[in-house]
Amino acid sequence: HTRYGTVTGVQTCALPISERDVRIGGILADVWTTRTDRGPAVVVVHGGSWRAGDKGEVPHVSAALAEAGYTVFDIRYRLEPFPAGFEDLRCAIVGVAADPRVDPARIALLGRSAGGELVLLAAYADLPSPCPKVPVAAVVGLYAPTDLAWAHEHPYVPDVVDGTAALEQYLGGTPRTAADRYTAATPQTWVNASSPPTLLIHGEAERCVRPENAERLESALRAVGAPVERLMVPLADHGFDVRPGGLGEQLARARILRFLHDKL
């Protein structure tokens, strides 16, 4: 099992992946679990500007979730223009809900950066897809873009990850030439009073995805009466949780575990 130091939070023993490269709803996933019975699950979705990245990128967090009693499905999705990744995530959630290890009423989604946009969209949106929408009990978005047209018009200077180009590649144009796709892919578009409990985590020193993304989505959720929490991590930049044991990773991990315990 995974063990963490009481001060540093650094792993001293890695929890092994239970299953690697298994198909869940037709989507490849790595599965982390310590359970032998039916229980709650977390679907983890990586970042990478919708054009890079892969499952398994932050294993210490998946291990911590598994040791806390969640079966973790860390998925791979198509790195193609919208809605490919969204459709893959929808199908993965269907597969997770049907897994005999999982209580389908206790599924949460967790995504980082571009994966944060995907999990928030899957949690909120009523979009056509090859797989039906399965309601989830909670969603966690870390440093996620939440209003894509706004993000396109407010890039950081310098744009260190070429985020404007990533958005145009992902959505097939600019907010003027592909307005419908920007609207459809924006989580903020779809919020309503029935949106599941949401935890938004963002670094205060972000240089890739502006913290206003978390603030704007929080305001939209509060305006319709949907439950939402926001954690701003002091001095933290993009991807602060990738390094195990760092202060930002410790803060985020503790808040995620508390949130999931409360909601699942």
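The values are calculated or read from the model by the stated rules, or taken from the named source; none is laboratory data. Computed from a prediction, not measured in an experiment: that's the story for all the values here. Every residue, glycine as well, gets a Cβ built from its backbone with ideal geometry; the counts of neighbours run over all protein chains shown. For accessibility, only protein heavy atoms count, side chains too; no ligands or nucleic acids. Shrake-Rupley method; radii C 1.70, N 1.55, O 1.52, S 1.80 Å.
If the condition is being outside any strand (DSSP E or B), under 24 Å from D241 (Cβ atoms) and either open to solvent by 40 Å² or more (accessible area, probe 1.4 Å) or in contact with a Gly (Cβ under 7 Å, 6 or more places away or on another chain) (or both), then the range 188-201 contributes only Q188. Taken over the range 146-165, the criterion of being surrounded by 18 or more Cβ atoms within 10 Å (Cβ to Cβ), modelled with pLDDT of 95 or more and out of contact with any Gly (no Cβ under 9 Å at 6 or more places or on another chain) is satisfied by D147, L148, A149.
Among the helices (runs of 4 or more DSSP H) confined to the range 139-187, the ones with at least 1 residues that are touching a residue at least 12 places away in the same chain (Cβ under 8 Å) and more than 22 Å from L127 (Cα to Cα) are located at 148-153, 163-171.
Taking first residues from the range 202-220 that are among the acidic types (D, E) and partners that are assigned to a loop (DSSP other than H, G, I, E, B), the Cβ contacts under 7 Å between residues at least 6 apart in sequence or on separate chains come to E204/P211; E204/P234; E204/L235; E204/A236; E206/Y143; E206/D237; E206/H238. In this structure, is E204 acidic (D, E) and surrounded by 17 or more Cβ atoms within 10 Å (Cβ to Cβ)? Spelling it out, it is not the case that E204 is acidic (D, E) and surrounded by 17 or more Cβ atoms within 10 Å (Cβ to Cβ). Checking each residue of the range 71-85 against the condition of being open to solvent by 10 Å² or more (accessible area, probe 1.4 Å), free of Cβ contacts under 8 Å to residues at least 40 places away in the same chain and under 16 Å from the mean Cα position of the chain (by Cα) gives at least one match. The C-beta contact set for the range 234-258 (first residue over 18 Å from L199 (Cβ atoms), second residue part of a helix (DSSP H, G or I) and not hydrophobic (A, V, I, L, M, F, W, C), distance under 6 angstrom, 6+ apart or interchain) comprises P244/H60.
Do we have T174 as modelled with pLDDT of 95 or more and among the hydroxyl-bearing types (S, T, Y) here?
Numbers: modelled with pLDDT of 95 or more: yes; among the hydroxyl-bearing types (S, T, Y): yes.
Yes.
If you take the residues in the range 91-112 that are in a strand (DSSP E or B) and more than 20 Å from A144 (Cβ to Cβ), which one is least open to solvent (accessible area, probe 1.4 Å)? Let's see the steps before the verdict.
Keep residues of the range 91-112 that are in a strand (DSSP E or B), which gives 102-112.
The next check asks that each one be more than 20 Å from A144 (Cβ to Cβ); those that pass are 102-106.
Working: V102: 1, D103: 35, P104: 51, A105: 75, R106: 75 Å².
Of everything passing the filter in the range 91-112, V102 is least open to solvent (accessible area, probe 1.4 Å).
Could you please find all residues in the range 34-90 being outside any helix (DSSP H, G or I), under 21 Å from A254 (Cβ atoms) and at pLDDT below 95? Listed by number, the residues that qualify are T34, E57, V58.
Confirm whether V119 is in a strand (DSSP E or B), in contact (Cβ under 8 Å) with a residue 60 or more places away in the chain, aliphatic (A, V, I, L, M) and in contact with a Leu (Cβ under 6 Å, 6 or more places away or on another chain).
Working: in a strand (DSSP E or B): no; in contact (Cβ under 8 Å) with a residue 60 or more places away in the chain: yes; aliphatic (A, V, I, L, M): yes; in contact with a Leu (Cβ under 6 Å, 6 or more places away or on another chain): yes.
Here the answer is no, as V119 does not meet what is asked.
May I ask you to list the residues in the range 213-250 that are in a helix (DSSP H, G or I), open to solvent by 60 Å² or more (accessible area, probe 1.4 Å) and at pLDDT 95 or above? Those that are in a helix (DSSP H, G or I), open to solvent by 60 Å² or more (accessible area, probe 1.4 Å) and at pLDDT 95 or above: E215, R216, S219, R222, A223.
For (1) farther than 15 Å from T198 by Cα; (2) among the aliphatic types (A, V, I, L, M), each residue gets a yes or a no:
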| residue | (1), (2) |
| --- | --- |
| D103 | yes, no |
| G111 | no, no |
| L118 | no, yes |
| L121 | no, yes |
| A125 | no, yes |
| S129 | yes, no |
| V134 | yes, yes |
| V139 | no, yes |
| H152 | yes, no |
